[in-house]
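Let me give you the structure first, and then I'll get to my questions.
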Amino acid sequence: MPTFVAQVKNNTGKVFQEKVEAMTPEQARLILKTKYASVGTVKKAGMEIDLSFLERFFANVTIKDKAVFSRQFSVMINAGVAIVRCLGVLSEQCSNPKLKRALTAISADVQQGQPLSDAMARHPECFDQLYVSMIEAGETGGVLDEVLNRLAKLLEDMARLKNQIKSAMAYPVAVGSLAVIVFFGMTVFLIPVFAKIFKDLKVPLPALTEFMLFLSGIMRSVLILIPIGTIIGTVFVLKNYYKTPMGRVQIDGFFLKMPLFGDLNVKTAVARFCRVFGTLTRSGVPILNSLEIVCNTVGNQVIANAIEGAKTEIQQGGMMSLALQKANVFPPLAIQMISIGEETGELDSMMMKVADFYEDEVEQAVKALTSVIEPLMMVGIAGMVGTILLSMYLPMFKVFEALG
């Protein structure tokens with residue numbers, strides 16, 4: 001983004017130069033007018049290296065970034081600070097370059113009379129459809145501070161759930177990576193040492209030792225490129241197949257039924273659906289619009305298809321719980337609680353309770369999964385190392401027998 005320099009005067013009458021990032025000189029002037037009493041000539045700064053393309057590749061607006069911004073924005077709006085001033089202050093203290101750039105542009109658009117939701121919608125890399133829809137509902141109902149507070153709570157809950165799943169995967173990934181390194185090191189560097197000894201002794205080798213020597217030879221030759229290429233090719237094919245409608249449904253369906261992790265994936269998707277849907281409807285977003293937004297944020301195509309079916313059922317005058325039950329994806333308890341919410345007219349409150357319940361279930365499932373995986377990984381590593389050592393020491397017994 002270009003940098004502009006202008007002469008400005010503060011409230012005490014002091015005149016000095018100030019730099020600001022903006023798309024145009026007019027936008028730079030509007031930004032400076034919110035901070036200073038008067039603004040003089042605005043000129044573009046000297047020649048500089050444009051590194052904005054690096055931001056697009058490396059900078060990423062995380063859920064935590066949006067949650068912190070929403071919480072601070074809510075507090076300032078509730079305190080009576082004008083929206084433009086809030087955006088100016090928050091953009092100054094924002095550490096994320098991509099979000100900072102978006103807030104600067106949004107502030108300029110709002111100063112020109114555009115609604116906040118429309119200005120945010122121009123930056124989908126920072127504010128998705130869920131965020132924009134809730135902001136629009138808050139503007140329409142005049143409860144922007146309350147909606148921002150709910151958004152912050154929603155994003156914090158989503159971040160907490162994501163971190164729980166990451167923590168469950170951290171140990172298996174770390175131990176699995178260590179196992180691969182140990183296996184590769186022993187196979188490539190240790191086994192060849194023993195292979196030379198066995199060749200000099202000229203003793204018949206057990207089948208296990210022959211296999212390990214054969215494997216070591218492959219790993220030290222260009223033939224290792226065959227399995228590596230096969231793995232890379234498989235990943236490439238699966239990624240492209242996942243982009244097709246049928247592939248996305250089949251792979252996401254497998255994720256919901258896979259051993260150990262299937263139940264965790266179902267509970268995570270249900271918790272996300274209920275939390276987002278309950279927050280949207282409680283903030284004043286119409287039910288059909290809420291279902292459309294949730295379809296794009298739930299993260300699983302099978303669940304999204306079930307929600308799309310519920311949307312069609314509601315349009316025809318039916319009940320959402322019956323449509324979700326027909327899809328045979330959601331747990332029976334969730335279906336029953338949603339049905340009770342529809343009957344009592346407290347669907348948003350019931351959705352939040354279902355989300356609370358299944359987020360607790362996810363937390364317990366993560367702990368149980370970790371307790372199961374940890375000993376399995378240790379046994380796997382011990383078995384792998386033991387197999388390599390056994391294959392190297394078995395020929396020694398034949399040497400001892402020959403010597404005896």
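Please tell me if I191 is more than 22 Å from the chain's Cα centre (by Cα), within 23 Å of I388 (Cβ to Cβ), among the hydrophobic types (A, V, I, L, M, F, W, C) and surrounded by fewer than 12 Cβ atoms within 10 Å (Cβ to Cβ).
Taking the combined requirement at face value, the residue does not satisfy it.
Could you count how many residues in the range 112-136 are in a helix (DSSP H, G or I), under 16 Å from L151 (Cβ atoms) and charged (D, E, K, R)?
Result for the range 112-136: 1.
Turning to a different aspect of this structure: Sort out which residues of the range 4-28 are under 11 Å from V42 (Cα atoms) and surrounded by fewer than 14 Cβ atoms within 10 Å (Cβ to Cβ), and write them in order of number.
The answer is Q17, K19, T24, E26.
List pairs: first in the range 80-95 and closer than 17 Å to S117 by Cβ, second aromatic (F, W, Y), Cβ under 6 Å, 6+ apart or cross-chain?
Correct list of pairs: C86/F73.
Restrict the check to the range 343-359 and report whether at least one residue is at pLDDT 85 or above, of a type in the set (F, W, Y), assigned to a helix (DSSP H, G or I) and within 30 Å of V173 (Cα to Cα).
Scanning the range 343-359, I find at least one residue that is at pLDDT 85 or above, of a type in the set (F, W, Y), assigned to a helix (DSSP H, G or I) and within 30 Å of V173 (Cα to Cα), so the answer is yes.
Only one of G176, G142, G185 is surrounded by fewer than 19 Cβ atoms within 10 Å (Cβ to Cβ) and at positive phi. Can you tell me which?
One residue alone meets the criteria, G142.
So D360 clears everything in (1) in contact (Cβ under 8 Å) with a residue 24 or more places away in the chain; (2) more than 24 Å from P286 (Cα to Cα) except one condition, right? Which one?
(1)
Looking at M350, M337, which one is of a type outside the set (K, R), touching a helix residue (DSSP H, G or I) at 6+ places or on another chain (Cβ under 8 Å), surrounded by 13 or more Cβ atoms within 10 Å (Cβ to Cβ) and under 25 Å from F255 (Cα atoms)?
Of the residues listed, the single one that is of a type outside the set (K, R), touching a helix residue (DSSP H, G or I) at 6+ places or on another chain (Cβ under 8 Å), surrounded by 13 or more Cβ atoms within 10 Å (Cβ to Cβ) and under 25 Å from F255 (Cα atoms) is M337.
Here is a follow-up. Which one of G247, G229, G318, G278 is over 22 Å from A168 (Cβ atoms), modelled with pLDDT of 85 or more and out of contact with any helix residue (DSSP H, G or I) (no Cβ under 8 Å at 6 or more places or on another chain)?
None of the others qualify; the one that does is G229.
The values are calculated or read from the model by the stated rules, or taken from the named source; none is laboratory data. On a predicted model such as this, the values are computed, not experimentally measured, just so you know. For neighbour counting, all protein chains shown are included, and Cβ atoms are generated from backbone atoms with ideal geometry for every residue, glycine included.
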